Each structure stands twice: as C-alpha cells, then as structure tokens.
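Please read the structure below before turning to the comments.
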Amino acid sequence: MKRRIISPAFILVAIVGSQLLWSCSGNYKNAALTVVDFPTYDSTKFDPLDKPSGKMFDILSDKSTGLRFSNDVGFRMRNDNNQYNYFYNGAGVAVLNANGDSLPDLYFTGNIVPDKLFINEGNLKFRDVSAEAGILQKNKGWSTGVSIVDINGDGYDDIYVCRSRWKDSLSNLLYVNNGNGTFTERAKDYGIDAAGSYHIMANFFDYDKDGDLDLFLANHPTDWVEKLRFNNLEKIEQGTNQSDKLYRNDNGKFTDVSKQAGINTHGYSLSCTVADFNDDGWPDLYVANDFAMYDYFFLNQGNGTFKEVTRDVLKKTSLFGMGADVGDVNNDGLPDLMVVDMKFDKSYMRRSFMLAQRRSEFNNMVSSGYHYQYVRNMLQLNNGNGTFSEIGCLAGVDASEWSWSPLMVDFDNDGYQDIFVSNGYYKTFNIDERELVQGLRDATRRGDSVMFNKIAGIINKKKLKDPNVMFKNNGDLTFKRVTEEWGFFQPTITHGAAFADFDNDGDLDIVASNTEESPFIYRNNARQMNGNHFISFTLQGPQQNDKGIGSEIRIYTKNGMQYQTHHIVRGYQSTSENFIHFGLGDAAAVDKAVVTWLDGKTQVLENLQADHNYILKHSDAHTKSAAEEKPKPLFVNVTDKLKIDFVHRENQYDDFKRELLLPEKNSYFGPGLAVGDVNGDGLDDFFVGGASRQNGVLYIQTASGEFKSTTGQPWEKNNQADCLGALLFDADGDKDPDLYVVSGGNEFQHNDKNYRDHFYINDGKGNFSDASTNIPDSYSSGSCVVAGDYDGDGDLDLFIGGRIEPQSYPTPTRSFILQNNGGKFTDVTSQVAPALDKAGLVCSALWTDFDNDGKLDLLLAGEWMPITFMKNSGGKFEDVTKQYGFENTTGWWNSIVSGDFDNDGDIDYVAGNEGLNTRFYCPNDKEPVELFAKDFDNNGTTDVVLSFYNGGKLYPVKNLQYSAEEMPILTKEFKTYSGFALSTTQEIYGPKGLDKAYHLSAKTLASSYIENQGNGKFAIKALPLRAQVSSMFGILVYDVNGDGNLDLVYHGNFYSKESETERNDAFIGEVMLGDGHGNFAYLPSKQSGFLSDKDAKALAVIYVGKNQMPVVLGTNNNNAMFAYQLTGVPSEKIPYEQTDRTADVFLKDGRRIRYDLNIGDGYMSQNSKMIAVIPSLTDKVMITDSKNQLRTVYQSAALAER
C-alpha cells in the first residue's frame, strides 16, 4: 500500500478554508470525522489579569489600560481565507510620540476594524483620540503594518500605514502630524501611496546615505495563488509580478527605483529588516518570505544598488518566514538575525499538524534554486566574515508555535539580549481534519450557507491560542524558555508586538496586538525584582533623519562590550520606541560609549552614570577618524597559489531509496587525506581520496612550493567504491612511504568485491604498484586506517575501522588489526582483539598509550558508540571502556585526536561529535536518542525507528506519513495522524517488538575534551558551545599562536542528512586557543582567517617550500579541497621516525608538553611527520620510540652551553 502526497513545503493543511495550494490525499481518512482539540492550559495556573503576579511581567488588559481595541476578523462565508490567503495574518502596532509630550503613545492597525490612535496619559493609562486626531478612515481598507517616521523633518512623528486585501483600497496611508494633535493623510503627495500592491510592512532607512530616509515596502504579488503551486517553482523565478518595492527619497518626493536598485523579486514578503550586516558602513536588507520562495538577503553595494546573496551567506532559511529582528546575542559587536516560523514546541503538535515534505520534493526545491528551507525559527549568528551560522536549535529558540513577531532586546537588564516571540492563529486544525477544508470550500462554492455554518461551528472552536513566548539569554549562545516563569501565562492570538518603556522605570515593557481580544501590555518588573542597572540613549540626528536611524552604539562596562544598531521598525508589522536601551547587570556605570552615525561621524562619551537616558546629538559628532589597522589573521588561503585543484565529486547515489528511514546517507563520508614524502626529496606530498568512480590523486610538491598532480597510478583502476581512509607509511622497511587505501560506502551490497581495500608499494620515486595481494581479502565497508607498532617489533601494524554493513544500517561490520610481517599483512583480529569483530560503526581511531605503560593501546570513536578504550595487554586487546567509566559516552562520534592540552606531561584527547545544534539538542543518560532496528513488518527488510524524548516520553522521530511508507502495516493500527502522534514508540511497536530489536542509544552529542587525570583516570567535558554548532570531523592539534599551548583547528558539517532532520551546516572552520590548563577559547573568524564552511571532512598539516611553512590542508565532500598557510609564528621543524611514539617538549618557563606521534588520526587524516618547535620558547625535545628508547632531537643553544 503506497500513499501519495503532493507537497512542496511541509503541506500546511492548517490554513482554514484556504484555497489549498497543494493537495493532500491518502489512506488515513477517518470513518467518521474526529475533531482533536488543541492542548488546553490549566486555568489554575492563570493569575488574574491586571493584578501583580509576582513575576517578571504582569499582563494588563484594556480594563486597566483603556486600550479598547480588538482586531476582530470573525468568520464569514465570503470574508475568509477562501478569498484572501492572509485573512488571518493579523495586524501591527506602533509606538510613537503623537503629541510631543515624551510619553510613548500607541497606534493599532485593523484588518476589518478601523485603526486606532491612543495617547499615553501616564501610569499606563491610554485614551482613544482616533476621531479627534483625524485617523478614522473614510473608506474601507485592510491595514497591516505600521511604521513611524518624521517624513518632513519637522520633529513630529508621522504614521505610515500599509494596506492590503481590498483591490479598491490598496493605497497606503501617510498621516502627517500637524503638531497640534491632528494628522492629515498625504501619502499620494509624497509619492508613497503605492497603489495597486498588497502591502505588508514598510521600513524607512537611508540606503544611499544622502541624509534622508528612503522607503522599502515588503509586499506580496497579485498573482500569488498561481505562483504558489509546487509545480510552478521554476515559474516563480520568472515571475511577471514584482512584489517588494524600493522608493528613493528625492528631496521629499519618493521615486520607485526598485528595478534599477536590484530589487526585482517575486516573493511573499512578511517582514523587512535593516542592519549593516557586513560592517561596511552601508545598511543592508533582510526580507522574510512566506511559502516556497526563500528569504532575500540584500547586501547594499554602496552605489545605489543591492545584491541578493542569500544562498551565498546563509546555509538555510525558514520556509514560512514571518517576522524578523536584529540583535547581538553574544555581545561580539555583530548584528545577528532572528526569523520566526511555525514550529510547535510539543511533539504531538509537530507530528499531527504538519505533513513532512517528501525528499524528492525537497531536493527538487533545492535544485531549482530555492535553497535549503525548513519549518522552524532561524537564529543566524553573524560570523564577522560575511557568513552566518544558523544556531536556532543549539540556542533553544527553534520552536515558538505559530510565530509572528520576534523582539531581540534585554528585558531583564542583565546585559544580554533576550527574545520575545508573539504567536497564535485564528483558525487552524490538524492533518486529520483536512476534510473540513474541502467541505468548507465546497459549501462556499455552492453558496450552501447551511453546510457552511455547520462546518464553521466546528472550525470556530479551532483557534490556535498559546501564551506568547519569552526566551532568556543565558550569555553562552543558549536561551532558556521562561514563558511561564516570567508571567506569560495567558493564551492569546498575537501578531504585531513592540517594546517601549511605558512607565519610565528603566525596563522594557511590551505591547501585543491581539486578534479578537484587547491588546495586552506586559508590564516589566525587572527593575524592582533584580535591581539590574540600565542605560538608554535617544538620538537626535540631522533634520531629514532626526531619529538617527542606522546609527550604531557600542558601550563598554566592567562586564564587557555591548552593541546595538538603531532601527525602530522591528518584528512583524510593528514599530518599537525610538531609543536604544542597554541592560547593565551589576555595572553602575558605563566606562565608554562609542556612537557611530550613519554618515560615519563618531562621538565618544566616557564615565556615564547608569540608570539614565542620554540624548546624543549628531551636531556634537566629529568626522570619523582613520580606521585602526586591523591585526593580520593567523591563516591565509593559499589554495590557488599552491596550485591545488582537486574537487571531490559524488555520483549522487540515493541511499534513501533503498533505506527510507535512514537518518543520513552512508555513501557520503569521504574523502580522506594522507601526507608524506613519497619521492624522497625532503618535501611533503599528499594523497587525497576520490568518490565512487572517481580517482584518488597524488600531489607531488615541487621545489618552488607548488603541487603537481600525478597520473598513471594503479589506484585509477580501483575506483568503484568510495576511497575513504588513506595512509602513507613505510610498510616494507625500504625507507619510502607505501599507500594503504580503505574502500567504503553504501552503494554496493554487503561483501561486494568493490569494498576490498588496496595496498600500493612505492618504488621510492613516487611511482606505485598494486600490491593488494599483500593484504588479506576483506570486503567490509570501512572508514579509517591508522598505523602503530603495537607489538614492538619495529614495523607498523594497521588498524582498519569498519564503518557500516552496507544497505543494512545500523548493523556494524568488521574492524580489524593487520599485523605487519615484512611488508605482508596478516589479519590477527580474532587472536588479539576479537571484540573488534563487531565493535560498532567506527569512524576514527588512535594508536595511543592511554595508560602510560609503554604499550600502544587503541582508542575508537564512532556512530552510536562510546569512546572505546582497548587496552594492550601483552599484545592482546581488552575492551576496558567500562572500567574507565566511559560506557555512557555513546554518541555520534566522528573523530578523535590527542595532545597534552593541560601541560601536565600526559596525553589528553579531543573527540568530534554530532554537536548540539540539532533537533535532539542535548540527550543524556536518562533521556538519550534511541534507535531500534528490526524487520517490524516482516517484509524482509530492516526498518529503522529513530526516537527521542519529549516530556519524559519516548516518541518516534518520523510521523505516520514517513513511517507508513516504510511499514504500511502501521495504517491498520493507526487511522489518524493524531493517534500516531499521541503514541509513544513503545505503544506503536509494542514492548515485545522492541525487546527483540537491535537497540542503540546516543547519550551525548557534544564534541568533548577528555582529560587524562593520571593513574588510569579520565574525565570528559564538553568543548565550548561555539564548538557545538555543527558536526565536528577534521581536527588539527597545533600551537597556532606561538604561546606554547596546544590549540585546536577544526571543521565539519554534514550535508547528507535526511531532509526532515536537516543538514548540519553551521561550522565555518574554527580555531580554539588552548590556555594550557585544558580550557579553550574561540578565536573569531576575522582574527583566525580560517574559513572552511562546506561539507568538510579531513584536515591535516603539511609543510611547504624551502622554509617549510605550515599549511593546513582540508577536504570537502562533493566539493573542492583547500589550503591555508599559518603565518606569523616562526618555528623549526623536527622530523621524526614513523615508529616513534611520543615527543616531550620542554619549554624555557618550565612547562612540559607531550605529543603523540600518530600515523593517522582525526577524521581519515594523516599529518606530516614533523614537530614544529618555537625556538624562543623551547629548551629541548626528547622522543620515545616504539621500543621505549629515549633520545634528544633538539636543544636550545643556551641549554647546550650549560
């Protein structure tokens, strides 16, 4: 039984009564329609409105505020989503100073109801002055967004209202403040009535920096119903109807310059956000788009034009992009971006309200140019180098229900910007109730009011009401959901929202424009509750930009630096108060404030007392001083200079066609990388593996320090499988490196001959011959290869990691040890390490003496495995993982490296894991991610059930749609999506079924530091959160800044995830500086200069040229490899022998650092066999070999004279 579902983008059947733009049909219909109510909230938790709650916020309604307004839209036969798809998208709110008394007033837009203006009379009391102010519209109109601007530079706030819906009233309105409490509508006079378009939101900003404010309009096209159909994806790109508009201010008259400025788009825009995202002094634009069209990221080119760069700078966006805001979540002085979508926090809601997008449709969307889009909130962390890392899941802000308006400001005054999100929807229902959509549509078409009213009676109960959500910034890239804790207990439907200090007490209050309910003011009690200090600034700019829009402020206190950019149009259809507010925590003063106005002028203020508002005047600013010389980055890209041109190309094999429920592809693991001097000229060369049916390539270093690829090598005949791990080592004792290549992947069946590994003998000149008869026949799909003299006989033996039993995930295959006997290898696994026969899904391994007994042990890391300790006891290996206390470290480990990171003379380790920026975030011993594998439906194939905990219960990741495609038998047990969504994994598959299943768990996903505490004890702790933003693969241990402490250079990502799970893509290649005590600090990208933001895999150091400059080589899956040279750290290179085990570096200040001299480590990587010594720091270097013989290989001149 197959189920056919056509959906381009997580079919949203929740849009009530809408003209369904994508169809949904199948075999899960109910015999009788079942209406499943939304989760309800315990009324005993509700504190009464308009009374002190004892929490951070009190909720004030119209009873106490006088804000008697409600955006009532009702439910009518003709005035519904059937006629206008954005019927229930709500309206905005603006904070302004309408009467010049300095108290923040409020303007609410209404869809069907008239807009209203309220004057603040103090003490959080407001009075409706709409009629006397001249605001009441004479003709009907559908108001949406509202923006505040001083359009004529007279010092009074004017009101600009966007309009939509009704074709005969699509002109926007501009209410010009007359300065006497009245307004006059003059949009047409200024040329910004923009008649004929569907307008959602407006943002005034000075894009050309000529001193006056221009206008950007976020619209949606008039032909949008046709353009939303999935089969018209290509047509959208060629859309004949423009949507967004840019108007240039020409001395008070606005001119449409959209096309000439590069704003020639066709999207369904719901918000527009302005900031200087790339720090070039010019304001940029971010436009969040609904439906299939990706969001637009417009970079200002500084010449009157914009360039759309979304796919260049963002790895993913929200699918249904709604409101957006800019803030600095980590206080690094860079503008970050939050865009909200409609992901539900509760598992039941997620799995019963959304149909997952089919992989074929997702892939079609991506290949058609629509980028990677997912249904959830996106928090884009600005990396400062022109790229962003999306960290919504890591931060814990990826889900906030059906969301609209995010506001990024410091609500508790602790010095970190929090995030408020409004949410709710007036009419919606779940997947099982989709028949209601068709019934309502039919009744409307027939004019059958009886049937319409009957269905409407059901639908009227289906309002999606949740409390608005508050996320507290923890100060470490993560947020805590404090919705109820801070007093946001009242379910409501809120669209527009804005912040202001309505009671002038030094903390930020929130106004929420609700549907079918009066507005709320959330009164902030932070000042009374925690006593944190604040400081605020009001900007007085030049006449035509008197609010100083586009200016930036950086403040410096004892607690560090904070940054904000000044824009008042924020969130969704709304405008917040015209000032800049900083929380200061316990800092009672600001040491320095630096203001940079949009024209580049600056002013510096020092020693400012906290808890005051300061007025800053542009007339007091000075011409910008010459830019400070920026320090040179540590790394410089030299890929082209070295003439390295290898590009890894996958053959697009689709693992999911055979194994539908795989969490990721098992055929996209390469390529590996090996470094060695293959021709004996004293220069490092390297080998890089190819994909299936692609040749690996050997690059020879020339005397000029460039690389030249070789051809005619024997591995060109053995390229059917993926070439994964590779190792250059002297197997036969003739002093030149031979080559071992691991074959792997998932394309061929288990034990297929194409999985045979290969071994090549070097003639000493870099010419290789196939000597695969010297290794045993083995047809495991492998991963890594590492070499070590475990038996102490003076030659290198091999460990080969088994990655996967092909086409049978997650069944492990053999890992094995090959003993070297004069260049011929024997499989001795069953004799010396029988536990390796099914050790797990091995990804990485190290030969290392972890117990310091003089014998090489083995460390393993892999998917669903613990960090596995295999102790060498007289030439035989025993699994001592449990004895070392690491049995609960099961994770999705990718790599492991060694180094003495705490300078105590023993070897510690760093292991790369999945990272915490995933939908599973932070599993633990009690609530791990779990996997069950079994032929549940007895059809001869293994079914995979990946499960996670939510609310203390274990649920399958996949909903009924996907699960039943693999196991159609489920449709007999579960007739509804809701029933399946409410059921746990145990309830769905039965305890007996699960008991007999192959069961795996992952209890930690954090990339980690493993400290050797001596005496056989190790402790594991997560690396800093910046190292958790994606999957860590290649890791290089190196002292990059020359301070004598070992640092980390790493990269990763994993693009081959199943589409619903999302690809891991937030790493950009990073440097963590070690402090010599086992701690690491992130080095910002601008300072490191290292950039590796693709699907990165292997990472190794090679030395280049006569001066043997250190160069980091990196490989990318299905992309080009790269090379970065480390600059500014002079060092002397000490070569070592391949059978050497450790090097002890003694520094002049008394520190002693131990290095493992690994032949292969990290993720399928092999480094140059040299130690980099910094002469100014180093006294001597001593090496211990495989026979525990000690020798001195370096000593300083001063030491030699003693």
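The values are calculated or read from the model by the stated rules, or taken from the named source; none is laboratory data. As the structure is a prediction and not an experimental result, all values here were calculated from the model. Positions of Cβ are backbone-derived with ideal geometry, glycine not excepted, and every protein chain shown enters the neighbour counts.
The residues of the stretch 973-1024 that are more than 24 Å from P812 (Cα to Cα), in a loop (DSSP other than H, G, I, E, B) and modelled with pLDDT of 95 or more, listed by number, are L1023, P1024.
Here is a yes/no grid of residues against (1) surrounded by fewer than 16 Cβ atoms within 10 Å (Cβ to Cβ); (2) touching a residue at least 60 places away in the same chain (Cβ under 8 Å); (3) farther than 17 Å from K1133 by Cβ:
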residue: I1153; (1), (2), (3): no, yes, no
residue: Q1166; (1), (2), (3): no, yes, no
residue: I1174; (1), (2), (3): no, yes, no
residue: L1177; (1), (2), (3): no, yes, no
residue: K1180; (1), (2), (3): no, no, no
residue: L1190; (1), (2), (3): yes, no, yes
residue: S1196; (1), (2), (3): no, no, no
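Each residue in the stretch 244-285 was checked for being free of Cβ contacts under 8 Å to residues at least 40 places away in the same chain and part of a loop (DSSP other than H, G, I, E, B), and 5 of them qualify. Scan the stretch 401-429 for residues that are part of a loop (DSSP other than H, G, I, E, B) and within 26 Å of I535 (Cβ to Cβ) and the total you get is 8.
For the stretch 1008-1043, taking the residues that are within 27 Å of A395 (Cβ to Cβ) and hydroxyl-bearing (S, T, Y), the one that is farthest from the chain's Cα centre (by Cα) is identified as Y1009. Give the stretch 1076-1101 a look and list any residue that's under 16 Å from N1167 (Cβ atoms) and touching a Pro at 6+ places or on another chain (Cβ under 8 Å), or say none. Within the stretch 1076-1101, K1097, A1098, V1101 meet the criteria. Does D398 count as farther than 30 Å from T557 by Cα, in the same structural domain as R481 (by TED's automatic domain parsing) and not in a strand (DSSP E or B)? Yes.
The residue that is surrounded by the fewest Cβ atoms within 10 Å (Cβ to Cβ), among those in the stretch 1119-1151 that are assigned to a strand (DSSP E or B) and of a type in the set (V, I, T), is I1134. Note on the stretch 862-882: among residues that are of a type in the set (S, T, Y) and in a strand (DSSP E or B), the one that is nearest to the chain's Cα centre (by Cα) is T868. Take I800 and decide whether it is assigned by TED's automatic domain parsing to the domain that holds D879 and touching a helix residue (DSSP H, G or I) at 6+ places or on another chain (Cβ under 6 Å). No, not satisfied. The residue list E629, E606 contains one member that is surrounded by fewer than 17 Cβ atoms within 10 Å (Cβ to Cβ), free of Cβ contacts under 8 Å to residues at least 24 places away in the same chain and not in a strand (DSSP E or B), which is E629. Looking at the stretch 268-287, which of the residues that are touching an Asp or Glu at 6+ places or on another chain (Cβ under 7 Å) and under 15 Å from N219 (Cβ atoms) is modelled with the lowest pLDDT? Among those that are touching an Asp or Glu at 6+ places or on another chain (Cβ under 7 Å) and under 15 Å from N219 (Cβ atoms), it is Y268.
For N718, the conditions (1) closer than 18 Å to R693 by Cα; (2) crowded, with 24+ Cβ neighbours inside 10 Å are fulfilled apart from (2). If the condition is being at pLDDT 95 or above and surrounded by 23 or more Cβ atoms within 10 Å (Cβ to Cβ), then the stretch 453-476 contributes N468, V469, M470, F471, N473.
Is at least one residue of the stretch 318-326 assigned by TED's automatic domain parsing to the domain that holds H199, in a strand (DSSP E or B), acidic (D, E) and in contact (Cβ under 8 Å) with a residue 60 or more places away in the chain? Checked the stretch 318-326: at least one residue is assigned by TED's automatic domain parsing to the domain that holds H199, in a strand (DSSP E or B), acidic (D, E) and in contact (Cβ under 8 Å) with a residue 60 or more places away in the chain. Considering the stretch 291-302, the residues that are closer than 17 Å to L314 by Cβ and more than 18 Å from the chain's Cα centre (by Cα) include one that is surrounded by the fewest Cβ atoms within 10 Å (Cβ to Cβ), namely L299. Among the residues that make up the stretch 549-572, is at least one of them out of contact with any strand residue (DSSP E or B) (no Cβ under 7 Å at 6 or more places or on another chain) and either closer than 30 Å to N251 by Cβ or in the same structural domain as R68 (by TED's automatic domain parsing) (or both)? No, because not a single residue in the stretch 549-572 is out of contact with any strand residue (DSSP E or B) (no Cβ under 7 Å at 6 or more places or on another chain) and either closer than 30 Å to N251 by Cβ or in the same structural domain as R68 (by TED's automatic domain parsing) (or both).
Filtering the stretch 305-320 to residues that are more than 16 Å from N385 (Cα to Cα), of a type outside the set (A, V, I, L, M, F, W, C) and in contact with a Phe, Trp or Tyr (Cβ under 8 Å, 6 or more places away or on another chain) leaves K307, E308, K316, T317, S318.
Residues checked against (1) within 17 Å of A218 (Cα to Cα); (2) more than 41 Å from the chain's Cα centre (by Cα):
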{"position": "G153", "(1), (2)": "no, yes"}
{"position": "D157", "(1), (2)": "no, no"}
{"position": "V161", "(1), (2)": "yes, no"}
{"position": "N178", "(1), (2)": "no, yes"}
{"position": "T182", "(1), (2)": "no, yes"}
{"position": "R186", "(1), (2)": "no, yes"}
{"position": "S197", "(1), (2)": "yes, no"}
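Residues being among the acidic types (D, E) and under 22 Å from I568 (Cα atoms) are entirely absent from the stretch 161-176. Taking the listed residues W864, W892, the one that is crowded, with 24+ Cβ neighbours inside 10 Å, within 22 Å of S1031 (Cα to Cα), modelled with pLDDT of 95 or more and aromatic (F, W, Y) is W892, with no other qualifying.
Would you mind stating whether G951 is surrounded by fewer than 16 Cβ atoms within 10 Å (Cβ to Cβ), in the same structural domain as M1072 (by TED's automatic domain parsing) and in contact (Cβ under 8 Å) with a residue 12 or more places away in the chain? Against the criterion (surrounded by fewer than 16 Cβ atoms within 10 Å (Cβ to Cβ), in the same structural domain as M1072 (by TED's automatic domain parsing) and in contact (Cβ under 8 Å) with a residue 12 or more places away in the chain), G951 does not qualify.
Condition check ((1) crowded, with 21+ Cβ neighbours inside 10 Å; (2) touching a helix residue (DSSP H, G or I) at 6+ places or on another chain (Cβ under 8 Å); (3) within 30 Å of Q357 (Cβ to Cβ); (4) in the same structural domain as G915 (by TED's automatic domain parsing)) across all residues:
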residue	(1), (2), (3), (4)
Y1050	yes, yes, no, yes
E1058	yes, yes, yes, yes
D1065	yes, no, yes, yes
G1074	yes, no, no, yes
H1077	no, no, no, yes
K1086	no, no, no, yes
F1090	yes, no, no, yes
K1097	yes, no, yes, yes
A1100	yes, no, no, yes
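Among the candidates D763, D795, D732, the residue that is acidic (D, E) and either more than 29 Å from A833 (Cβ to Cβ) or buried (at least 23 other Cβ atoms within 10 Å of the Cβ) (or both) is uniquely D763. If only residues of the stretch 957-972 that are in a loop (DSSP other than H, G, I, E, B) and without any contact (Cβ under 8 Å) to a residue 40 or more places away in the chain are counted, the one that is nearest to E1060 (Cα to Cα) is M967. Within the stretch 1037-1093, track down each residue that is of a type in the set (D, E, K, R) and either over 21 Å from A911 (Cα atoms) or part of a loop (DSSP other than H, G, I, E, B) (or both). The answer is D1039, D1043, E1058, E1060, E1062, R1063, D1065, D1075, K1086, D1093.
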